[in-house]
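Got a structure for you, questions after.
The values are calculated or read from the model by the stated rules, or taken from the named source; none is laboratory data. The structure presented is a predicted model; accordingly, all values stated were derived computationally and were not measured. Only protein heavy atoms, including side chains, enter the accessible area calculation; ligands, DNA and RNA are left aside. Shrake-Rupley method; radii C 1.70, N 1.55, O 1.52, S 1.80 Å.
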Amino acid sequence: MSAQLVSFTEYKALVSDPFGGQEHACSGHTRWIGTLHTRTTADAWTIRRTDDLILRTEEDREGPFTVTGGGRLGSSELRITGSGNPPFGDTPQP
């Protein structure tokens, strides 16, 4: 199986209370998205029907994900979304 993945952090703006209250800053939320390419269509369907999915890299880093799309019918390609620290790149694992 192979994957093409990218991560990003969504930030919310500083919110000011127009009635004289405190300003509130929201922290960023890291997400990662991408595409899994399985060996067979049957493998893709097995993953799509599985709960509690975890992506594990060759470096034994892992992160939970959900399948958000199945590509084309009969395809061995799945679109996925993960949250939290991605199991790839330079982001340190907890």
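What number of residues within region 49-61 are over 14 Å from residue 5 (Cα atoms) and either of a type in the set (S, T, N, Q) or open to solvent by 100 Å² or more (accessible area, probe 1.4 Å) (or both)?
Matching residues across region 49-61 total 7.
While we're here: Suppose the filter is farther than 17 Å from residue 4 by Cα, β-branched (Val, Ile, Thr) and either at pLDDT below 90 or open to solvent by 80 Å² or more (accessible area, probe 1.4 Å) (or both); does residue 41 pass it?
Taking the combined requirement at face value, the residue satisfies it.
Collect the residues in region 6-38 that are charged (D, E, K, R) and modelled with pLDDT under 85, keeping them in residue-number order.
If the condition is that a residue be charged (D, E, K, R) and modelled with pLDDT under 85, then 10, 12, 17, 23 are the ones that fit.
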